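Inspection log for the structure reproduced underneath, given as structure tokens.
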Amino acid sequence: MPTLSFQHKPHLRRCLWILLLAVPAVLITSRFLFSNHTQRRIMPMEAPPVRVAVALAQDVPYLLSGLGTVQPSSDVLVTSRVDGHLQCLHFKEGQRVKAGDLLAEIDPRPFEAELTQAQGTLTRDLALLDNARKDMVRYATLSKNDFIARQEYDNQRALVRQYEGTVQADKAAVEAARLKLEYSRITAPSSGRLGLRTVDVGNMIKSSDTLGIVRITETRPCDVLFTLPDIYVPLVIQALRTSRDGAGPLVQAWDRKQQKLLDTGYLMSLDNRIDTATGTVRLKGRFLNADETLYPNQFVNARLLVRVLPKAITVPTAAVQTGVRASYLYVVVRTENNQGTVVMREVKTGIATDALTVIEEGLKADELVVIDGIDRLRDGLTVTIATSVETPKAESF
């Protein structure tokens with residue numbers, strides 16, 4: 001049997017040469033990669049830059065926020081108590097009036113005539129009563145001496161009582177007529193700002209008109225009706241009990257964007273039941289509204305101060321991270337110059353806003369916490385303190 005040689009298989013010879021050249025190249029490349037990986041593992045990681053803030057101990061107001069609506073402290077629809085012809089109006093739309101100011105007048109002549117008639121009837125019945133009383137005195141003397149029957153005397157006494165009742169009815173009629181005459185002058189029942197009138201001079205107005213003449217709303221002071229979740233009811237009740245000077249807890253009214261403070265007032269009361277449909281309770285705050293920045297039916301954001309946390313440890317909200325077990329943050333232990341070592345620390349957080357978070361447990365005042373560059377950190381890593389910012393101050397109330 002003949003033997004094979006490379007001369008008979010030229011493609012085998014080429015493969016052998018390729019293998020001989022490839023093996024050294026693979027060995028060299030592997031050694032280079034292994035040495036670079038070893039060097040990278042051995043090379044120390046550079047200290048990443050971070051921004052830090054100092055934990056600050058300060059008094060923090062505990063605020064509860066809810067959406068509210070402005071309501072006037074009084075809202076009165078001015079109507080006529082009598083029917084008649086409207087003679088004149090004594091007000092301008094939008095002006096402020098005081099209780100008792102004259103607003104309108106109805107033609108008084110029908111009521112004057114009715115009063116005169118009632119007074120005339122009263123005068124006539126008073127004369128009849130006076131004459132009946134004199135007759136009763138004479139009948140009493142005659143009856144005593146048995147000159148007339150006792151029945152005549154009793155009839156005269158009954159007639160006197162009848163006239164007395166008639167006189168009382170006449171006096172009531174006079175007072176009713178006098179009231180109608182007074183009601184022809186329509187005055188403001190309360191102080192406030194007038195709205196738009198619904199009648200004009202010359203109209204016939206009736207006491208049964210539902211639209212009335214004009215509406216008076218008092219906005220100085222005014223109220224804000226807002227709602228809070230039912231879980232805060234105990235806090236609100238406690239705040240009402242501990243409020244000073246007889247006034248309730250302070251309430252702020254902010255605009256819709258919560259950028260402008262409109263006015264500050266106090267909590268008057270809360271509703272006596274929880275709305276089961278929404279799980280909320282209604283509260284009412286009273287505001288002086290001296291500048292009239294609050295307007296009836298205006299939507300506002302109400303902030304209720306239920307208490308103040310004294311000397312609470314606060315940090316910027318950006319420093320607090322949410323973990324699987326608890327919230328945590330990175331505390332920087334300064335070593336030298338602008339460098340330090342970070343320590344991951346679990347904390348218990350309290351109330352929080354967009355800018356500030358209260359730390360109830362796990363942190364002390366004046367400690368440095370990382371607020372930027374947290375994604376590159378691990379426990380025990382050396383960092384470079386790039387910048388230090390101030391912890392925001394708690395808003396004053």
Leading residue by the ranking (farthest from the chain's Cα centre (by Cα)) among those in the range 101-135 that are among the polar types (S, T, N, Q) and surrounded by 15 or more Cβ atoms within 10 Å (Cβ to Cβ): Thr121
Cβ pairs under 7 Å, 6+ apart, first in the range 334-348 and closer than 18 Å to Pro49 by Cβ and open to solvent by less than 70 Å² (accessible area, probe 1.4 Å), second at pLDDT 85 or above and among the small types (Gly, Ala, Ser): Thr341/Gly380
Criterion violated by Ile205 - all others in (1) open to solvent by 40 Å² or more (accessible area, probe 1.4 Å); (2) over 31 Å from the mean Cα position of the chain (by Cα) satisfied: (1)
Wholly within the range 191-295, strands (runs of 3 or more DSSP E) carrying at least 1 residues that are of a type in the set (D, E, K, R) and under 30 Å from Gln87 (Cβ atoms): 192-194, 214-229
Failed item, numbered, when Ala140 is tested on (1) assigned to a helix (DSSP H, G or I); (2) modelled with pLDDT of 90 or more: (2)
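Here's a check for you: in the range 173-187, which residue that is aliphatic (A, V, I, L, M) and within 50 Å of the chain's Cα centre (by Cα) is most open to solvent (accessible area, probe 1.4 Å)? Break it down stepwise before answering.
Of the residues in the range 173-187, the ones aliphatic (A, V, I, L, M) are 173-174, 176-177, 179, 181, 186.
With the extra rule that they be within 50 Å of the chain's Cα centre (by Cα), the set shrinks to 176-177, 179, 181, 186.
Working: Ala176: 48, Ala177: 2, Leu179: 75, Leu181: 47, Ile186: 11 Å².
Only one residue fits best here, namely Leu179.
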Residue check, Leu294 in contact (Cβ under 8 Å) with a residue 12 or more places away in the chain, on the phi < 0 side of the Ramachandran plot and surrounded by 15 or more Cβ atoms within 10 Å (Cβ to Cβ): yes
Of all residues making up the range 44-53, the number that are exposed (fewer than 15 other Cβ atoms within 10 Å of the Cβ) and touching a residue at least 24 places away in the same chain (Cβ under 8 Å): 2
Among the residues listed as Asp223, Asp230, Asp170, the single one being crowded, with 18+ Cβ neighbours inside 10 Å, over 22 Å from Leu103 (Cα atoms) and either out of contact with any Leu (no Cβ under 7 Å at 6 or more places or on another chain) or at pLDDT below 95 (or both): Asp223
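The values are calculated or read from the model by the stated rules, or taken from the named source; none is laboratory data. These numbers were taken from a predicted model, which means no experiment stands behind them. Every residue, glycine among them, receives a Cβ derived from its backbone with ideal geometry; neighbour counts consider all protein chains shown. Ligands, DNA and RNA are stripped out before the accessible areas are found, and what is left, the full protein with its side chains, is counted by its heavy atoms. Shrake-Rupley method; radii C 1.70, N 1.55, O 1.52, S 1.80 Å.
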